[in-house]
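These notes concern the structure reproduced below.
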Amino acid sequence: MEIQDIRNVPVENYLQALGYAPVRKSVNELLYHAPYREDRRPSFRVNVAKGLWFDFGLSKGGDIFDLAGEIIGSSDFITQARHIADTLNSPLPMKENNMTLLKKETVHYKMEDVEFIPIWSRLLINYLRERNIPMEVALPNCEEVRYKANGKQYFSLAFKNVSGGYEIRNKFFKGCIPPKDYSLIDNGSKHCNVYEGYFDYLSAVTLGLTNGEDQLVLNSVSTLGRVMDKLGEYEQINCYLDNDNAGRRTVETLHKHFGDKVKDCSGLYKGEKDLNEYLQKLTIESVSYTHLTL
């Protein structure tokens, strides 16, 4: 998408793509719960005519780029634009023809013939292998989703959330089947591990970091406000969040609410963006070391 195309996107369309719906509508205004913070009484308004938003709880507002900045915790314009484009763009059409992928293209689509099956596609299996996620970890936690759009066949990995929506991902696309929400693996524990994305959760399982705790995947730091009540039930909250501004800000927010119950575990993968990058580097270094000692 071009910058001007992004600038012309209605704010409400962007929010819808993220899984947020207005709680009240009028002729020119839409009222929401703020998408980037806990907001029990809806105080986030969108002026449809002007394409602007305003958060009365924080007394701040702006255009679609400013909103993306609040959601992802970045003031970098290019990062904001890329996030909006990634959120709005359609998935990459894929087909298994001599194990090749079609080129990336933007399409406007309506999902049809949606089918969930155990992970079967060799392309998806290879993608998991590239991310160093074993099939014995992926199969109990993910599915393969297949569907048609504009007459083309698509398929991706799918990870279910608590509202019945799915995070969907393949090598070239990251998105969701609404509604957007967090995911929870409830093991009946008083301790909870918190991750930003489901590949980080899969990496934690691979690394043996899950020891019977509940596992909560935000699927986006924008869902943080929705999980606060749930997190308040735990005696300890272990955070395996990204080593970036959004991740650090999320940990700070949790510290403010829950104090010493919150443990920042990001030191384990210091120098890496997230837990999955750490897993990939760890595996590469292990293989290199083995090669050198043979």
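The values are calculated or read from the model by the stated rules, or taken from the named source; none is laboratory data. Keep in mind that what you see is a predicted model, and the values were worked out from it rather than measured. Reconstructed Cβ throughout: ideal geometry from the backbone, glycine too, with neighbour counts over all protein chains shown. Side chains included, ligands, DNA and RNA excluded: accessible areas come from the protein's heavy atoms. Shrake-Rupley method; radii C 1.70, N 1.55, O 1.52, S 1.80 Å.
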Checking LYS263 against (1) assigned to a loop (DSSP other than H, G, I, E, B); (2) at pLDDT 95 or above; (3) within 11 Å of VAL194 (Cα to Cα), which single condition isn't satisfied? (1)
Can you tell me which residue in the range 149-168 is nearest to GLY19 (Cα to Cα), limited to those that are open to solvent by less than 10 Å² (accessible area, probe 1.4 Å) and of a type in the set (Ser, Thr, Tyr)? SER156
Which one of these does ILE6 not meet: (1) surrounded by 18 or more Cβ atoms within 10 Å (Cβ to Cβ); (2) under 21 Å from PRO179 (Cβ atoms); (3) not aromatic (Phe, Trp, Tyr)? (2)
Could you list, in sequence order, the residues of the range 130-148 that are farther than 22 Å from LEU282 by Cα, surrounded by fewer than 18 Cβ atoms within 10 Å (Cβ to Cβ) and either hydroxyl-bearing (Ser, Thr, Tyr) or more than 21 Å from the chain's Cα centre (by Cα) (or both)? LYS148
Condition met for LEU184 (in contact with an Asp or Glu (Cβ under 8 Å, 6 or more places away or on another chain), assigned to a strand (DSSP E or B) and under 29 Å from GLU38 (Cβ atoms)): yes
Of all residues being without any contact (Cβ under 8 Å) to a residue 12 or more places away in the chain and assigned to a strand (DSSP E or B) in the range 31-60, which is nearest to GLY19 (Cα to Cα)? Just the residue, please. PHE54
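Matching residues to (1) modelled with pLDDT of 90 or more; (2) part of a loop (DSSP other than H, G, I, E, B); (3) not β-branched (Val, Ile, Thr):
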residue	(1), (2), (3)
VAL114	no, no, no
TRP120	no, yes, yes
LEU128	yes, no, yes
ILE133	yes, yes, no
VAL137	yes, no, no
VAL162	yes, yes, no
ILE168	yes, no, no
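Identify, please: which residue in the range 97-112 is of a type in the set (Val, Ile, Thr) and open to solvent by 50 Å² or more (accessible area, probe 1.4 Å) and is, among those, modelled with the highest pLDDT?
Here the residue is THR106.
Which ones in the range 139-156 are of a type in the set (A, V, I, L, M, F, W, C), in a loop (DSSP other than H, G, I, E, B) and without any contact (Cβ under 8 Å) to a residue 40 or more places away in the chain?
Step one: filter the range 139-156 for residues of a type in the set (A, V, I, L, M, F, W, C), giving 139, 142, 145, 149, 155.
Okay, now just the ones that are also in a loop (DSSP other than H, G, I, E, B), so 139, 142.
Residue satisfying the conditions is LEU139 alone.
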Can you tell me which residue in the range 13-30 is most open to solvent (accessible area, probe 1.4 Å), limited to those that are touching a Leu at 6+ places or on another chain (Cβ under 7 Å) and without any contact (Cβ under 8 Å) to a residue 24 or more places away in the chain? ARG24
How many residues are open to solvent by 10 Å² or more (accessible area, probe 1.4 Å), more than 27 Å from ALA21 (Cβ to Cβ) and acidic (Asp, Glu) if we restrict to the range 208-229? 1
In this structure, does ASN243 turn out to be at pLDDT below 95 and surrounded by 15 or more Cβ atoms within 10 Å (Cβ to Cβ)? yes
Would it be correct to say that GLY232 is open to solvent by 10 Å² or more (accessible area, probe 1.4 Å), small (Gly, Ala, Ser), touching a residue at least 40 places away in the same chain (Cβ under 8 Å) and in contact with a helix residue (DSSP H, G or I) (Cβ under 8 Å, 6 or more places away or on another chain)? no
